[in-house]
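Read-outs throughout are calculated quantities, based only on the coordinates presented, and are distinct from any laboratory measurement. Model, not experiment: these values are computed from the prediction. Positions of Cβ are generated from backbone atoms using ideal geometry, with glycine treated the same way; all protein chains shown enter the neighbour counts.
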Amino acid sequence: MKYPKAKKVDQVDDYFGYEVEDPYRWMENEDSEDLKKWIEEENKLTFDYLKKIPFRNKIKKRLKELNSATTYGDSFLAGDYLFFYKNEAGENQPKIYFQKGLEGNEELFFDPNELSDDGTVSVTISSFSKDNKYITFNISESGSDWQKIKVMDIENKKMLDDELKKIKMTNVSWFKNGFFYSGFDHSAETLSEKNKNLKVYYHILGTKQEEDMMIYEDEINPERFVFGNVTHNEKYMFIETTEGTSGKEVFIKDLKENSEVKLLFKGFDFEYDYIGDIGDRVLFMTNEEAPMNKIIQVDPKTMEKSDLIQETIKFDEARVIKNHIVVKYIEDVKSKVVIFDYNGEKVEEVILPDKGLAYHLQGDEESEELTFHFTSFTYPVSIFSFDTKNKKLKKLKQSESQINPEDFSTEQIFYKSKDGTEIPMFIIKKKGLKLNGDNPTLLYAYGGFNISLPPFFDPFKIWLLENNGIFAMANIRGGGEYGEKWHRGGMMDNKQNVFDDFISAAEYLIDKGYTSKEKLAIEGRSNGGLLIGAVMNQRPDLFKVAFPSVGVMDMLRFQHFTIGWAWKVEYGSSDNNKEEFENLYRYSPLHNISEEKDYPSTMVITADHDDRVVPAHSFKYTATLQEKYKGSNPILIRINTKSGHGAGRSLEKTIEEKTDLYSFMFFEMGEEI
């Protein structure tokens with residue numbers, strides 16, 4: 001295959017005595033005319049190739065059908081009302097509905113699809129005022145992490161004039177007639193510009209953003225996140241700072257007495273997440289001296305701290321409601337919801353409808369009613385309520401599906417990684433499918449940032465299963481499935497464990513007859529894209545097709561773009577010291593591509609508005625792989641337009657991407673549809 005010619009420049013960097021060439025450095029400049037020309041030629045090559053696949057339109061038609069059912073998303077309890085996302089008839093963005101009470105009539109509250117013709121503007125509910133009179137939305141265009149905050153009056157559904165910009169990854173925390181939020185001095189002028197100097201502001205309703213009061217900044221440490229969080233009773237405010245994606249430092253301020261800010265938890269070794277109040281006590285979930293997490297209580301007057309709910313198995317979500325504390329545990333990647341009293345004594349366990357994921361606990365100190373979501377690989381997302389007084393579980397909303405769950409089986413197995421560690425993996429397939437080594441299989445994983453991959457219903461995966469394919473998801477180290485020890489087992493200088501875990505998963509699937517090397521595809525996104533790039537370099541012989549998506553591919557320069565500096569606590573940095581440089585250099589996907597290896601058929605996936613993992617990672621990686629690879633397998637790059645890292649993407653664009661993923665996968669495997 002003839003690839004577009006990418007110019008090379010004489011760029012050499014010195015890292016602690018190592019000279020590292022970077023001939024495609026110019027691709028980091030998104031305004032480059034040469035880059036625009038290269039992108040145009042690459043997209044033409046990719047889509048010309050995809051257009052020749054005879055069953056591409058057939059796949060797209062079925063994916064549209066599978067995504068035409070009515071589905072429910074996150075829900076929120078706000079006073080007497082239940083708010084929730086609902087998508088009907090394959091709309092690009094889910095609409096926001098509300099109803100009075102848990103059994104009231106649904107009523108349309110806001111339709112994000114009216115904000116754009118192509119569905120590329122997304123809306124996220126970010127907060128409700130303490131009196132539940134107002135709701136705030138975070139609005140994003142083209143998948144960008146940059147957002148603006150809008151405020152709406154709930155009773156009359158009227159959008160207020162308040163509009164806050166220069167917002168990125170902020171919470172919204174109400175106090176009196178306004179709210180705290182985090183913002184930057186300016187929005188980035190370029191896609192890849194480093195984002196620094198985040199500050200906490202206070203906005204009063206009815207005023208302009210220019211009048212907002214700056215509450216907190218850290219001039220000495222511009223590469224830190226800072227957030228303001230007010231307790232439910234409005235007595236205290238917490239200033240939370242972090243140097244990256246893990247580890248917090250927390251300060252406390254008495255709002256009633258307008259006291260000075262005091263250090264509550266010193267950073268940055270552990271997590272401290274505020275979950276609610278009980279009288280004069282404030283409660284936090286933390287992993288300090290508890291890798292699986294525990295709940296502690298703090299007396300803000302004396303600063304005395306004590307354990308309330310001890311560490312057992314991993315839990316990652318907790319909520320304080322009237323008379324009870326609700327905790328969601330993870331046991332071998334499956335959820336358990338347990339109710340405790342205010343003394344930390346277990347009251348009961350909620351019996352869930354299946355083995356799967358419970359999430360998004362909702363409730364407050366005024367009500368004994370709890371709501372949560374439940375899903376599994378074959379159980380569409382549903383909203384449940386649990387009355388802790390009457391001990392009754394009730395299904396409030398059920399997403400529709402065009403499948404019969406009884407047609408498929410979900411199996412959880414445990415396999416040994418290279419060092420003998422037992423790793424869990426879910427395998428989903430049609431019942432009765434023969435394990436003859438000839439089944440098209442897609443292996444997915446992430447392996448980083450303490451993020452767990454639980455069972456979750458995805459209509460796009462159903463297409464694969466319907467066509468005698470297998471979906472496998474490995475819960476490798478670096479994630480949060482088994483607490484902080486599991487996370488640390490796959491970060492910094494332990495990162496090779498992540499790759500070994502994934503490679504061992506592939507070997508297990510082949511050895512046990514689920515698939516073969518000629519029928520195995522691999523996929524990962526973001527940190528998972530890094531994973532795919534790394535294992536392609538280390539064991540290209542194991543895989544037929546690879547999809548490194550929106551990946552961190554240049555491990556020597558990620559810290560120079562947007563919020564990449566926040567990942568240094570996970571990966572280390574080539575700027576820090578020789579040891580961290582050498583560790584990153586050993587596995588960096590971009591820097592370990594070999595002219596001697598036979599790489600699998602590859603479709604790199606990125607997006608033109610990805611301002612989290614900038615597309616330059618994928619551009620430089622693709623150009624290098626196309627230059628060095630001497631074999632006959634295609635090396636393509638698919639560049640989504642008006643799209644970002646993934647969140648808020650329109651349904652239409654998701655269908656288009658998944659169509660091309662499955663088309664490429666099955667075509668390269670020689671499968672007929």
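General observations
- Entry note: the chain has Rg to Rh equal to 0.95, where both radii use alpha-carbon atoms and Rh is the Kirkwood radius.
- Cα-Cα separations in the range 59-183 greater than 23 Å, expressed as whole percent: 35 percent
- Order of Ile220, Ile639, Ile278, Ile167 under a 10 Å beta carbon neighbour criterion, fewest first: Ile220, Ile278, Ile639, Ile167
- When the listed pairs Lys305/Lys355; Lys58/Lys658; Lys346/Lys389; Lys176/Lys253 are checked against a 24 Å cut-off, the alpha-carbon distance exceeds it for Lys305/Lys355.
- Relative packing of peptides 497-505, 378-386 - highest average C-beta neighbours within 10 Å first: 497-505, 378-386
- 0 to 90° range, to nearest 10: angle between helix 578-587 axis and the chain longest Cα axis: 60 degrees
- Within the range 297-344, chymotrypsin sites (Phe, Trp or Tyr not before Pro) in DSSP loop having at most 16 other beta-carbon neighbours inside 10 Å: Tyr342
- Calculated translational diffusion coefficient of the range 437-478 (4 °C, 1.567 mPa s; Stokes-Einstein with Kirkwood radius over alpha-carbon pairs) equals 113 µm²/s.
- Each peptide in 207-219, 244-256, 282-294 was scored by the mean count of other Cβ atoms within 10 Å over its residues; highest first, the order is 282-294, 244-256, 207-219.
- The share of C-alpha pairs in the range 237-300 whose separation exceeds 17 Å stands at 40 percent.
- Sorted largest first, extent of the range 309-426 alpha carbons per principal axis (Å): 48, 40, 17
- Calculated Rg and Dmax of the range 214-261 using C-alpha coordinates, Å: 11.5, 32
- Derived value for the range 514-560: Kirkwood hydrodynamic radius 11.1 Å. Basis is the mean of 1/r over every pair of different alpha-carbon atoms.
- On Cα atoms only, tilt of 56-66 relative to the major axis of the chain in degrees: 20 degrees
- Within the range 267-339, the ratio Rg/Rh, alpha carbon atoms throughout and Rh by Kirkwood, equals 0.97.
- Packing rank of 27-38, 353-364, where each peptide gets the mean count of other beta carbons within 10 Å, highest leading: 353-364, 27-38
- When Lys148, Lys95 are sorted by how many other C-beta atoms sit within 10 angstrom of their C-beta, beginning with the fewest, the order is Lys148, Lys95.
- In the chain, the longest principal axis of the Cα atoms and the axis of helix 527-538 are about 30 degrees apart.
- Taken over the range 31-133, the convex hull of the Cα atoms encloses 146 Å³ per residue.
- Working note: Cα gyration tensor of the range 396-458, eigenvalues times five, square-rooted, sorted largest first, giving semi-axes of 25, 20, 10 Å.
- Placing unit charges on the Cβ atoms of the charged side chains and taking the dipole of the range 242-362 about its Cα centre, the candidate lying farthest along the positive direction among Gln362, Ile252, Gln297 is Gln362.
- Cα-derived Rg to Rh of the range 127-208, Kirkwood definition: 0.98
- Calculated P(r) of the range 340-495 - Cα pairs past 25 Å, %: 46 percent
- Here the ratio of the Cα radius of gyration of the range 182-240 to 2.2 N^0.38 Å is 1.28.
- With a Förster radius of 35 Å applied to the beta-carbon distance between Leu263 and Asn494, the computed FRET efficiency rounds to 0.70.
- Longest to shortest principal axis, alpha-carbon extents of the range 249-393, angstrom: 51, 32, 25
- Qualifying trypsin sites (Lys or Arg not before Pro) for the range 426-533 [loop in DSSP, other Cβ within 10 Å: at most 12]: Lys431, Lys434
- Dividing the Cα radius of gyration of the range 321-383 by 2.2 N^0.38 Å, with N the residue count, gives 1.13.
- Principal semi-axes in Å for the range 569-673 [√(5λ), Cα gyration tensor, largest first]: 28, 22, 11
- Percent of C-alpha pairs per 10 Å bin, the range 73-130, short to long: 23, 51, 22, 3
- Quotient of C-alpha Rg and 2.2 N^0.38 Å, computed over the range 411-536: 1.00
- Residue order for Val550, Val9, Val172, fewest other beta carbons within 10 angstrom first, comes to Val9, Val172, Val550.
- The dipole here belongs to the chain: it is taken about the Cα centre, uses +1 on the Cβ of Lys and Arg and -1 on the Cβ of Asp and Glu, and is about 1800 debye.
- Isotropically averaged projected area of the range 531-621, using the convex hull of Cα atoms (one quarter of hull area), nm²: 5.9 nm²
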